[in-house]
Amino acid sequence: MSSQSASAHPSATDDVVELCRDLLRIDTSNTGDTETSAGERVAAEYVAEKLAEVGVEAHVRESAPGRTNLVARIPGTDPSRGALLVHGHLDVVPADASEWSVHPFSGEISDGYLWGRGAIDMKDFDAMVLAVVRDWQRTGVRPPRDLVLAFTADEEAGGEYGAHFLVDQHPDLLDGCTEAIGEVGGFSYSVNSDLRLYLIETAEKGLEWLRLHARGRPGHGSMVHDDNAVTALAEAVARVGRHRFPIVLTPTVQAFLEQVSEALGIELDPTDPELAIAKLGPIANLIGATVRNTANPTRLAAGYKDNVIPSRASATIDCRSLPGQAEIFLEQLREVVGPDIEIEHIQRQPALETSFDGDLVAAMGAALRAEDPGARPVPYMLSGGTDAKAFAKLGIRCFGFAPLRLPADLNFSALFHGIDERVPVDGLQFGVRVLDRFLRQS
Ligand SMILES: [Zn+2]
């Protein structure tokens, strides 16, 4: 803990602010294209240096020039136990400075917040991990089991150059990891001044990016034509876009809704959970997509000249499937699309779901309650994806646990990839204290 730091060194709660600020000042915008992305190497070198300062050697692995990943292992006192993976990505989504109140890469501190792209997604957690490890190294604290730290590139574009690269090409660096923590979980949702729910991610929807292909007879745009690929595709896309798939509550979402309804005193109708979800305020849009499979059309492509009917047309559909639902969902989608449209898979990452129990979960709850007596941890499902999808391929049990106490009036979910992304400084320091307690008991 901070008070045990040697006097010549900053406490972990001071260090985390400096570390986060430094990281925010490194522009690691990931455009989805290596040509225009930058800064991941600079950020990884910064992390390596901060670890080297306290005697931790890091392994640096690049999937492509500048696409830098870093892994380090801190030996635990009981080597017979499986290692705990603690992972955070170093890239961020781009930010348009003209839309922001402060420059997104200036790392400004004002109004009790540290501002910048990545402040909550997720350089805050990267800094917390570094602060705790640096403090432990300086004060001689050893974790109960091996800690494997992974700082990754490319999470914001799917992780091909980051977590998936590490898992596929360098699994030796992750040897022995049985459980993991990373984003997006451990943040507070205030019910009242005495009760805060801390949402811990125990599940993630799967990702199915599909391309629909329609084919027809090519022809001249001036003539009568009843076999037009563009028309057929447009009809299928419209049907998919308007379709609502049935409600399916997995154990995580069921538990979340029950606990939240009880805490908020709202009635939960299991056949129509969306009524209760609508009353959740700022986190409604975080939770809303986790009660059903979804399919959103995102791209269209057809034609090459205004007066030529093309022989083919295609569309991309971003589908997110619930755990255990991928096959049923694809059958349902097939029905909606119709028999004449071909469906191609362009990206597929299975959903994840683990149970909300065991020693690691107990350690999360104990650490939160020690720092916030009004804390109540609840499991939830993320509708998006994280690097956990990559690490789960190695059989690692993944949680989203990046502890953060937030002010009651902060619209946290809107800050993800949003304008004026910022993290409360005291929330960041709270996170360090919780993470320290948690890692000692993990
Ligand atoms: Zn993130």
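Among the residues that make up segment 25-44, is at least one of them under 28 Å from Ala367 (Cα atoms) and either of a type in the set (D, E, K, R) or in contact with a Leu (Cβ under 8 Å, 6 or more places away or on another chain) (or both)? No, segment 25-44 contains no residue that is under 28 Å from Ala367 (Cα atoms) and either of a type in the set (D, E, K, R) or in contact with a Leu (Cβ under 8 Å, 6 or more places away or on another chain) (or both). Looking at Leu149, Leu195, Leu130, just one residue is over 19 Å from Tyr46 (Cα atoms) and touching a residue at least 24 places away in the same chain (Cβ under 8 Å), and that residue is Leu195. The residue pairs whose first member lies in segment 81-98 and is without any contact (Cβ under 8 Å) to a residue 24 or more places away in the chain, whose second member is part of a strand (DSSP E or B) and buried (at least 23 other Cβ atoms within 10 Å of the Cβ), and whose beta carbons are closer than 9 Å, counting only pairs six or more residues apart or on different chains, do not exist in this structure. Considering only residues in segment 122-143 that are more than 16 Å from the ligand (Cβ to nearest atom) and not in a helix (DSSP H, G or I), the one that is farthest from the chain's Cα centre (by Cα) turns out to be Gly140. Listed by first and then second residue, the pairs with beta-carbon distance under 6 Å, at least 6 apart or on different chains, first residue in segment 215-238 and of a type in the set (Val, Ile, Thr), second outside any loop (DSSP other than H, G, I, E, B), are Val230/Ala302; Val230/Ala313; Val237/Pro297; Val237/Ala315. Of the listed requirements (1) over 13 Å from the mean Cα position of the chain (by Cα); (2) of a type outside the set (S, T, N, Q); (3) away from the ligand (no atom under 15 Å from the Cβ), Met381 misses just one: (1). When Gly185, Gly162, Gly206 are screened for being over 13 Å from the mean Cα position of the chain (by Cα), small (Gly, Ala, Ser) and either under 19 Å from His417 (Cβ atoms) or at pLDDT 95 or above (or both), only Gly162 passes.
Of the residues making up segment 361-386, just one is crowded, with 19+ Cβ neighbours inside 10 Å, over 30 Å from Asp318 (Cβ atoms) and in contact with an Asp or Glu (Cβ under 9 Å, 6 or more places away or on another chain), namely Ala367.
Among the residues of segment 106-121, those identified as part of a loop (DSSP other than H, G, I, E, B) and not β-branched (Val, Ile, Thr) are Ser106, Gly107, Glu108, Asp111, Gly112, Gly116, Arg117, Gly118, Ala119, Asp121. Say we look at segment 201-214 and pick out the residues that are of a type outside the set (S, T, N, Q) and buried (at least 24 other Cβ atoms within 10 Å of the Cβ); which of these is farthest from Ile283 (Cα to Cα)? Ranking the qualifying residues of segment 201-214, first place goes to Ala214. The residue that is farthest from Asp14 (Cα to Cα), among those in segment 144-160 that are surrounded by 21 or more Cβ atoms within 10 Å (Cβ to Cβ) and within 15 Å of the ligand (Cβ to nearest atom), is Gly159.
Scanning segment 104-121 for residues being on the phi < 0 side of the Ramachandran plot, in contact (Cβ under 8 Å) with a residue 12 or more places away in the chain and away from the ligand (no atom under 16 Å from the Cβ) gives a total of 6.
The values are calculated or read from the model by the stated rules, or taken from the named source; none is laboratory data. Quick caveat, the model's predicted, so the values are computed rather than measured. No Cβ is skipped: glycine too gets one built from the backbone with ideal geometry, and neighbour counts run over all protein chains shown.
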